[in-house]
Amino acid sequence: MKKSIELNRQNINYTLKVSKRAKRMRVAIYCDGSCVVTTPKTINHTIIEKFLIAKSQWVLDKIEYFSKFKSDAWKMGSQEDYLKYKDKALEIAQTRIHYFNKLYGYNWNKITIKNQKTRWGSCSKKGNLNFNYKIALLPQKMSDYIIIHELCHLGEFNHSQRFWNLVAKGTPNYLDIRNDLKKHGLEL
């Protein structure tokens, strides 16, 4: 459902998604500058508006940040972009997984490249490693971090301290890279 709200004297359009599975409210600003608020079924509109007002500076900062980009990796997302870069992304993922797995020694099932809106990668319980095609458009240190992150889930299927210790073996400066990725709108 399309809505709008005034935040710091700026009219902001957003999409309201009511979800049966949502346990709390969440606001996301996507690479194209769109704003999406996801809420549980029981939240009324007044609470949603108070939530957005409380997050107003963050929302405005993210929208402004993404407006600076014209046609780079953060804005892409079309099927055409996906088809153009998926083979390169697969090659990067396969090459770097084999490289880093010399350190870890894990077994995986398959590697898949996807066109995801909100994720850089994922690892399934079956050992499938999935990556966003946009890893082909990132600096190598960022794509390496994403690949190491998912590879380490084969050893620790959580985000415990043991998991982060595994990540640090492959990329000691993972916190800096992780923060850079968060600034760009897609979180792991």
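Less than 5 angstrom separates the built amide H of residue 113 from those of 131, all sequence-distant by 5 or more or on a different chain. Dividing the Cα radius of gyration of the stretch 79-183 by its Kirkwood radius returns 0.94 for Rg/Rh. Phi angles across the stretch 142-153 convert, under the Karplus curve 6.51 cos²θ - 1.76 cosθ + 1.60 with θ = phi - 60°, into 3J(HN,Hα) values of 6, 5, 4, 4, 4, 5, 4, 4, 5, 4, 5, 5 Hz, Gly and Pro given as x. Taking each DSSP H run with n ≥ 4 as -39500 (n - 2.57) and averaging over every residue of the chain yields -14000 deg cm²/dmol at 222 nm.
When the P(r) of the chain is calculated, the portion above 31 Å amounts to 27% of the C-alpha pairs. The phi torsions of the stretch 125-131, fed into the Karplus equation with coefficients 6.51, -1.76 and 1.60 and a -60° offset, translate into couplings of 4, 7, x, 7, 9, 10, 9 Hz, rounded to whole numbers, with Gly and Pro shown as x. Counting only residues at least eight positions apart within a chain, or on another chain, the aspartates and glutamates with an alpha carbon under 17 Å from that of residue 125 are 150, 156. Seen against the Cα atoms of the chain and their longest principal axis, helix 45-54 is set at about 70 degrees. Per the Debye calculation on the stretch 2-67 with a single equal scatterer at every Cα and no solvent contribution, log₁₀ I(q)/I(0) for q = 0.22, 0.25 Å⁻¹ amounts to -0.90, -1.13.
Rule-based calculations on the coordinates, nothing more; no lab input. All values derive from a computational prediction rather than experimental measurement.
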